[in-house]
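The values are calculated or read from the model by the stated rules, or taken from the named source; none is laboratory data. No experiment lies behind these values; they were computed from the predicted model shown. So basically every Cβ, Gly included, is an ideal-geometry build from the backbone, and we count neighbours across all protein chains shown. Note: accessible area is taken over every heavy atom of the protein model, side chains too, but ligands, DNA and RNA are not part of it. Shrake-Rupley method; radii C 1.70, N 1.55, O 1.52, S 1.80 Å.
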Amino acid sequence: MPGKTQSELLRTLPTDEVRQIMWRLSDRYALQLLVQSARAVARGPVARLVASGARQSHDWTPEKATLLQAFDEAGLTSVHLEPDHGGIIEGPKNLALALVAFELAWVDAGAATCSLAGQLALAPIHERGTSEQRAFYSEQMRPAQPGETRQTRRGAFCLTEPIPYVGVETGLLSGKVRIAEWQDGREPILQVEKRGRFITNMGFATFVTAAVDSDDERIKGSCMIVLEETDPGVFDRGTPTRKLVHQLSSTNDPIFSLKVPASRIVGGYTIEKGVIVPRYNHGTIIEAVFRRTRVGVGLMTSAKLLSAVEPILRYQRTRFRGGESIAPGSPRYELGLQQREDALHRLVDIWATGEAGASLGFATARLFDELDPLERCKDEAFAAQGIEGPRAQMRAIGKISQDAVEYLKQSALPPKRRDAARFEALGASEIVRYVLLDSVASVLCPAVKLWNTGHGANTMREAVSLMGGYGITEDCPGFLGYKWMDAQLEATYEGPEAVQRRQLSITMTNELFLVQFRQWITELRRVANRRPGTGACTLASGMQLWLWTLTHLRDATDANGSALYQSNRQGVTFPLADALCWLLAARYQILDVLELEARSAEQPELAETAAGYVGFLSDLCHVQAAHAAGEAGRICAELVFGYNRHPAWDDPHAPGCCSGDEVDELEGIIPGYGAGARIYLDVIESNGSHAMKAGPCVRFAGLETFQDLRSRLDGCLTGSRLAKDRAAEALTKVMIPEAPDYPA
C-alpha cells in the first residue's frame, strides 16, 4: 500500500498495559482492579441480559434488578463513596467513575447509566450537602454487608419536569416547596410538590434529590431537597418511560407530594427575618454536579466506538467465507472486505474518533481529580476571609486570575528573565493553581459532553453501516445497533448540545484559558519538531487559525454593522465552540500517545510491541489532527467571510471592477493588457455584460493574515493521507481473538 514507511506494524489491539499508560493508571493498582471488576460485570451479567432480550421491555424487571446485586458485589456501587463509608478509592473519584462508565458502556450504556445514576443522586449531597447529610446518605448507600439487616438505599436525581419543561433548561422549575408547619422553637416542615420526567433509577429508588422552587414568601428562591419513600404523602414512582434506548436502566415519570423536614434542604439553610434562606440554590448545586458527571456520559459514547473496532474487523475479514469458490488462504478468504481501501479508511476514521474522545474524556476526569482538593482549599480560604456569595467570589477570583496570568507569562520566559521570587510565590499558591485548572476545566467539561456524544453518535452510525444489514439486527456482534441508538440519548443527557455550546461560548473567551491555549500551540510546535508523524504541526496550525478567528470575531461586525460575537449570535458562537472541541480532542489524543512512547519502556510486557502500538496510534493521531484542523478551517472561513456582503455588479464602487473602455484604452499603451485584464480583473463591458458569476470577486483587505494562516494550514495537511494508508494497512494484519469475549 502506498505510504508505507513504518517498520513495525500493529500486532494486536491495544492491551490493558497500553491503556494504563495512556490513561495514567499504570501506578494506580486500585483503579486497575476496579477496571477488571467493571469489565467482569459488563461482559458477564450485562452482556447476557442484552443477548437474552432484556432490552425489549420498558419495565424494571426482576431480571434487570439482578444488575444491582452484581454492581454491589463488584464494588461499583461504592466507587463514589469515601473509604470511611465503605468506598474503595482514596481521594477524588472522577477518574474512577469515568473508568466504570467506560467499561460498562463498552457493552451496554443503559447498564452504565443504571450504575452511575446512583452516584448522580448522591452528588448534590456530596458536593454541597452538610457534613451530617453527606455522612448519613453515604452510609445508607453503602451496600449492606453479610449479617446486616438494613436495606441498601438507592437514589435518583429528579431535575427535569414534565413537558413542556423537559429538555428546555435547568432554570425552569414547576416543582414547588412551601411551608406546611412551623411551630415556635421547632424545625419547619415543608410541603414539596414535584412531578418528574425521564428520571433514572426511579423504578427502585428509595430516596430522591429533587430541584424545587419556592411557592411561599417565607422561603427564598430555589433549592434541592431530599425526599424519602417513607415521608408522609405521595411517593409515586410513576409510569415507565417508553424509551427506544437504555432499556437496562429504569426510567419513570414520578409524582411526589410529601411533607419533609427543612433539614433535608441540601446544604442546609439559615433563617433571616422569618424567611428560610437555603445556603445554595438549585442552579449552584447543579453546576457543581454536572461539570463532573458530564465527563462519564461523554466517555460512554467513546467506549462504543472503540468497542466497535473488533466486531467490524471480524465482519470485514469473514464476509465472503463459506462460499464454494472462496478457498482458504486466498486474499478474498483472508481479507474479505479489507481488500478494498474504502472499508479500511472508514474504520480508521471510526477508531481515530474513539481514541480522541477517550483521550479528551479521561484527561478531563484526571483534571477534575486534581481540581477537587484545590477547590476545597479555595472555599476554605474564602470562608476565612469572609468572601461569601457568588458575586463576591467572582470578584476575588478575578483578582487572582490576574496573578495567574502573570504566572503563565513568566513561565514562558527563560529562567534568567523571570522574577524568581515572584514566580516561586505564585507557583506555590494553591488558589492560583485552582483558577488555572478551573479555567481549563470549564472548557473541557462541556467540550467532552458536546464532541464525544455529538460527533461520536454520528460516527457510530458509520460503524453500524460498515456491518451492512447485520448492523441493525438484534444479534449484531458487539450490539452495535443498540449502541448507535443509545448514543442518541447520551447527546441529550445532562443538557442537550445547545447547553454545552452556550457554556463553551462563554468559558472559551476567558483570558486565562486563552493564555494557556497559546502555550499549547507552542508546545505542539515543539512536538512537531521532535515527532512530526503525530500531526502536531497540523493541529498547531488549526489552533492558531481558530485563535485568530476568535480574536477577529470579537471585534468584527457583519455587513449591517451588528456585532458578531455576542450571546444572541449563536450562528457565530456555536460553530466556533464546535471547532474548538475538534482541536481539543486531537490535542489530548497526541499527548496520550506521547505518554505511551515515553513510558512503554518501563513495561517489560511491551518490549516487543511498543513500537507497533506507538507507530499505529501516531498515525491515528495524524489522521484525527487533519480532520480536526480541516473542520476548524472550514468553520473559521465561513465565519470570517460569511458575514460580509458579496460585491454586486451594479455597485459602481465595487473593488476590482473596471470598464471595458478603460481596458481598451490601456491596450493601446500596453499591448496585450486587454486580454490579461479580462482574465484577472472584473471587467464590465460597454453593453453591461460581464463574467458569469454572482458579482465581482471578493477582495480581502484586512484579512491577509487569515489567508496566510489558512494557506499554511492546508499545507500542513501534507502526509496525513499517507498516515491513513499506513493505519489502513495495519488493520489488515492486526490479530484479533477468534471469537468475541461476550455473547452476541
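With a 1.4 Å probe rolled over the protein heavy atoms of all chains, the accessible area of 555, 419 falls in the order 555, 419, largest first. Placing unit charges on the Cβ atoms of the charged side chains and taking the dipole of the chain about its Cα centre, the candidate lying farthest along the positive direction among 609, 642, 589 is 609. Averaging Cα coordinates gives a centre for segment 460-502 and one for segment 703-725; these two points are 32 Å apart. Think of segment 294-405 as a dipole: +1 on every Lys or Arg Cβ, -1 on every Asp or Glu Cβ, centred on the Cα centre; then among 329, 312, 398, 329 lies furthest on the positive end.
Based on DSSP H segments of at least four residues, each scored -39500 (n - 2.57), the chain has a per-residue ellipticity at 222 nm of -18000 deg cm²/dmol. Extents of segment 101-152, taken as max minus min of Cα coordinates on every principal axis and listed largest first, are 36, 33, 12 Å. Size descriptors for segment 93-221 (Cα atoms only): Rg and Dmax, in that order, 17.1, 56 Å.
Ellipsoid semi-axes for segment 382-439, based on the Cα gyration tensor and the rule √(5λ), read 25, 11, 8 Å when sorted largest first.
Positive end of the dipole of segment 44-163 (Cβ unit charges, origin at the Cα centre): among 78, 100, 53, the Cα lying farthest that way belongs to 53. Measuring only protein heavy atoms, the 1.4 Å probe finds residue 638 accessible over about 110 Å².
Do you know the relative contact order of the chain, to the nearest whole percent, from alpha carbon pairs under 8 angstrom that are 6+ apart?
Details: 1233 pairs, mean separation 114.0, N = 744.
Taking the mean separation of contacting Cα pairs over the length of the chain, I get 15 percent.
In the full protein context, segment 347-448 carries 45 Å² of accessible surface per residue, based on a 1.4 Å probe and ignoring ligands, DNA and RNA. Length available on full extension from residue 215 to residue 380: 0.36 nm per residue minus the Cα-Cα distance, which gives 56.1 nm.
Computed from label points 7 Å out along Cα-Cβ, the spacing between residue 458 and residue 151 is 4.7 nm. Extension gain for the segment residue 8 to residue 388, taken as residue separation times 0.36 nm less the Cα-Cα distance, is 130.9 nm to one decimal.
Taking a cut-off of 14 Å, what percent of all Cα-Cα pairs in segment 57-134 are separated by more than that?
Percent of Cα pairs beyond 14 Å in segment 57-134: 65.
About its Cα centre, segment 1-132 has a charge dipole of approximately 600 debye under the convention of +1 per Lys or Arg Cβ and -1 per Asp or Glu Cβ, with nothing else charged. Backbone N atoms of segment 425-454 closer than 15 Å to the 7 Å Cα→Cβ label point of residue 519 belong to residues 425-441.
A simple spin-label model places the labels of residue 40 and residue 707 6.5 nm from each other, with each point 7 Å out along Cα-to-Cβ.
Note on exposure: 113, 149, 318 ranked by accessible area (1.4 Å probe, complete protein assembly) read 149, 318, 113, with the most exposed listed first. Between segment 49-99 and segment 249-319, what is the separation of their alpha carbon centroids in Å? Result: 15 Å between the Cα centres.
Take 291-303, 255-267 and order them by the average number of nearby Cβ atoms within 10 Å per residue, most first; the result is 291-303, 255-267. Only protein atoms count toward the accessible area here, which uses a 1.4 Å probe; on the chain, the carbon and sulfur part of that area reaches 52 percent.
Considering only the other residues whose Cβ falls under 14 Å of the Cβ of residue 146, what net charge follows from Lys and Arg at +1 and Asp and Glu at -1?
-1
Rolling a 1.4 Å probe across all protein chains gives residue 234 an accessible area of roughly 70 Å².
Model label sites at residue 30 and residue 425, defined 7 Å from Cα along the beta-carbon direction, differ in position by 3.7 nm.
Largest first, the residues 198, 204 sort by 1.4 Å accessible area into 198, 204.
Counting only aspartates and glutamates at least 8 places from residue 194 when in the same chain, those with an alpha carbon closer than 17 Å to its own are 161, 169, 213, 215, 216, 228, 229, 231, 236, 253.
May I have the convex hull volume per residue, in Å³, for the Cα set of the chain?
Taking only Cα atoms, the chain has a hull volume of 227 Å³ per residue.
In summary, the aspartates and glutamates within cross-link reach of residue 693, defined as a Cα separation below 14 angstrom excluding same-chain residues under 8 places away, comprise 650, 682.
Its alpha carbons give segment 703-743 an Rg and a Dmax of 19.4, 58 Å.
Evaluated with a Cβ-only charge set (Lys, Arg +1; Asp, Glu -1), the chain carries a dipole of roughly 560 debye about its Cα centre, given to the nearest 20. Given a 1.4 Å probe and the protein chains as shown, residue 649 ends up with an accessible area of around 40 Å². Near the amide H of residue 241, within less than 5 Å, lie the amide hydrogens of 251, 252, 253, all on another chain or at least 5 residues away, with H placed in the peptide plane.
Just to check, using Stokes-Einstein with a Kirkwood Rh over alpha carbon pairs, what's the diffusion coefficient of segment 512-614 at 4 °C and 1.567 mPa s in µm²/s?
82
Partners of residue 304 within straight-line reach, counting lysines whose Cα lies under 20 Å from its Cα and excluding those fewer than 8 residues away in the same chain: 243, 449, 483.
The tail of the calculated P(r) for segment 528-568, taken as Cα-Cα distances beyond 12 Å, holds 66 percent of the pairs.
In segment 271-418, Rg over Rh equals 1.28, where Rg is the alpha-carbon radius of gyration and Rh the Kirkwood radius from pairwise Cα distances. Our compactness index for segment 261-335, the C-alpha radius of gyration over the empirical 2.2 N^0.38 Å, is 2.54.
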